[in-house]
Amino acid sequence: MSAEELRLELDELRRLEGLAKRPRVQSLLANEIRNVEAKLAKATAPAPEPHAAATAAPARPGLNYVTLGSFSWDQDNDKIRIYIFLEGVEQEKVETIFKPMSVDIKFHDVNRKNYRCAIPKLNKEIIPEKCKVVVKPTKVVVTLCKASKGNWLDLHFKEDKFKPSMDKEKDPMSGIMDLMKCMDLRVQNMYEEGDEDMKRTIAKAWTDARSGKTTDSLSGLR
C-alpha cells in the first residue's frame, strides 16, 4: 500500500473514531489507527545510504603525531596487554590498524594533540580480528591475541645474533668465526683489561682462528 493510500485510510479511521460511542469499538479503532500510523511512518522514512555503517573514518592527511614510546605491558598464555598512560582519550577518536606482525594505534584530538603508538614488527604473530582497544579514564588498554600460546620474551622482534648456523654446506670454521665476530666487543674489552699473558693468548687465538687452527689456540681462553 502506498503512502497516499495509508494517509486516506488513516483519515477515515480517525473520523470513525470520532463517531464511535461504545468503548470496545473506540479501543479497536485506536489500535488500528496506531498500526496504520506505524506503516505510514515506515513508508515515508528516508532510505538509509548504502554501506553507511561500514564506511571507514575519513582520512586525516597532514596531521602531526607525538610518538608514544613509553608504555608498560604484561601477558598470559593467550594474550598481550599494553598499558598506555594517556588521559583525555575518546574511544571514537582512536584509529587502530592491527596486522599479524604489527600494531599501529593513533589517538586524535587529545588535549589538542595527536598521539601515535606503533610496533612495526612484533615478536610473534597475533590474530588481528581478536585484538581490541579499551579507553579508560587515565589509560588505554590494548589487548593483543596471540596466534599461538606461549611466553613472549619481548614485544619487539629481535634477531638472535648468537644463533649458530646449521648450514652443513658451509665451511665448518664459519660458525666459529661468526660467533667471534659477535663477541668482538667482549674480546676487545678482555684484551684491553687483561695482563700480558691474556693479551698474548687472545692474539694467538685470533690468528689461529683465521688460519684454521682452532683447538689449541682456543684452549688457552678456557
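Taken together, the values in this text are just the output of simple stated rules run on the coordinates, not laboratory data. All figures in this text were calculated on a predicted structure; none of them were measured in a lab. A quick note on method: Cβ atoms are made from the backbone with ideal geometry, for glycine too, and the neighbour counts reach across all protein chains shown.
Note that the range 122-133 has calculated 3J(HN,Hα) couplings of 6, 4, 9, 6, 10, 9, x, 5, 9, 7, 7, 10 Hz, one per residue in order, obtained from phi through the Karplus relation 6.51 cos²θ - 1.76 cosθ + 1.60 (θ = phi - 60°); glycine and proline are x. Packing, taken as the mean count of other beta carbons within 10 Å per residue, orders the peptides 19-29, 88-98 from highest to lowest as 88-98, 19-29. For the listed peptides 67-77, 117-127, a ranking on the average number of other beta carbons within 10 Å per residue, highest first, reads 117-127, 67-77.
Can you tell me what the convex hull of the Cα atoms of the range 63-166 projects to on average, as an area in nm²? Kindly include the intermediate steps, with their values, before the conclusion.
Working: hull surface 31.0 nm².
Convex hull of Cα atoms, orientation-averaged projection: 7.7 nm².
How do the peptides 140-148, 9-17 rank, highest first, by the average count of neighbouring beta carbon atoms within 10 Å per residue? Can you show the working numbers first?
Working: 140-148: 17.8, 9-17: 14.2.
Most protected by this proxy first, the peptides run 140-148, 9-17.
Counting charges near P120 (Lys, Arg +1; Asp, Glu -1) among other residues having Cβ under 15 Å from its Cβ returns a value of +2. For the pairs K93/K139; K93/K158; K99/K149; K79/K113, note any where the Cα-Cα span goes beyond 21 Å. Pairs exceeding 21 Å: K93/K158; K79/K113. Couplings for the range 78-89, taken from phi via the Karplus curve 6.51 cos²θ - 1.76 cosθ + 1.60 with θ = phi - 60°, read 10, 9, 10, 10, 10, 10, 10, 8, 8, 9, x, 7 Hz in order; Gly and Pro are left as x.
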